[in-house]
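The values are calculated or read from the model by the stated rules, or taken from the named source; none is laboratory data. It should be emphasised that the depicted structure is a prediction, and the values quoted were computed from it without experimental measurement. Cβ placement follows ideal geometry from the backbone for every residue including glycine, while neighbour counts extend to all protein chains displayed. What goes into the accessible areas is simple: the full protein's heavy atoms, side chains included, and nothing from ligands, DNA or RNA. Shrake-Rupley method; radii C 1.70, N 1.55, O 1.52, S 1.80 Å.
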Amino acid sequence: MDTCIFCKIINKEIPARIVYEDEHILAFEDIKPQAPIHILLIPKDHFASLNALPEDKQHLVGHIFTKARDIASEKGIKDRGYRIVLNTEKDSGQEVFHIHFHLFGGRPMTWPPG
Ligand code: 5GP
Ligand code: ZN
């Protein structure tokens with residue numbers, strides 16, 4: 001999608017600190033980290049939010065989750081713990097409308113979330 005900032009990162013039209021990439025997904029550091037480790041994982045296909053993800057693409061979610069776990073392991077936070085967040089639409093605070101999963105770690109998290 002031409003105007004989507006995350007599609008531009010996928011297409012290397014704007015820079016990002018890429019942590020992992022394959023044919024289907026991309027992981028990169030958040031530009032405004034909210035934790036010592038804050039990585040975004042996205043499918044390369046554009047879907048505005050979870051609400052726009054078709055049934056036949058649901059495997060991407062599992063792929064992203066297991067890759068997030070692997071990245072947590074590489075970053076040394078797998079055992080102490082981490083959090084994966086998917087904001088969906090307005091009430092969640094979603095700001096970028098290309099589905100993305102936040103991987104947070106490196107500090108204790110509070111609950112409930114704000
Ligand atoms: P949301 O609130 O939509 O779930 O989260 C969007 C996230 O994208 C935010 O954490 C924000 O800091 C991050 N973000 C927005 N624009 C850019 C960008 O151009 N590059 C990177 N790396 N992260 C971005
Ligand atoms: Zn996009």
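Scanning segment 1-10 for residues that are open to solvent by 90 Å² or more (accessible area, probe 1.4 Å) and within 14 Å of ligand 1 (Cβ to nearest atom) turns up just one, T3. Screening segment 11-59 for residues that are touching an Asp or Glu at 6+ places or on another chain (Cβ under 9 Å) and in a helix (DSSP H, G or I) and picking the one that is nearest to ligand 1 (Cβ to nearest atom) gives L50. For segment 78-106, a residue qualifies if it is near ligand 1 (Cβ under 9 Å from one of its atoms), in a loop (DSSP other than H, G, I, E, B) and among the hydrophobic types (A, V, I, L, M, F, W, C), and the qualifying residues are L86, V96, F97. Filtering E89, E23, E74, E29 for residues that are among the charged types (D, E, K, R), free of Cβ contacts under 8 Å to residues at least 60 places away in the same chain, open to solvent by 40 Å² or more (accessible area, probe 1.4 Å) and touching a Ser or Thr at 6+ places or on another chain (Cβ under 8 Å) leaves a single hit, E89.
Residues in segment 1-10 that are part of a helix (DSSP H, G or I) and either under 20 Å from K67 (Cβ atoms) or not hydrophobic (A, V, I, L, M, F, W, C) (or both): F6, C7, K8, I9, I10.
If you go through segment 17-35 and keep only what is out of contact with any Leu (no Cβ under 6 Å at 6 or more places or on another chain) and among the small types (G, A, S), you end up with just A35. Which residue is nearest to G114 (Cα to Cα), if the candidates are limited to segment 32-46 and must be in contact (Cβ under 8 Å) with a residue 12 or more places away in the chain and open to solvent by 80 Å² or more (accessible area, probe 1.4 Å)? My answer is Q34. Only residues that are open to solvent by 60 Å² or more (accessible area, probe 1.4 Å) and either acidic (D, E) or assigned to a loop (DSSP other than H, G, I, E, B) (or both) were counted across segment 60-71, and they come to 0.
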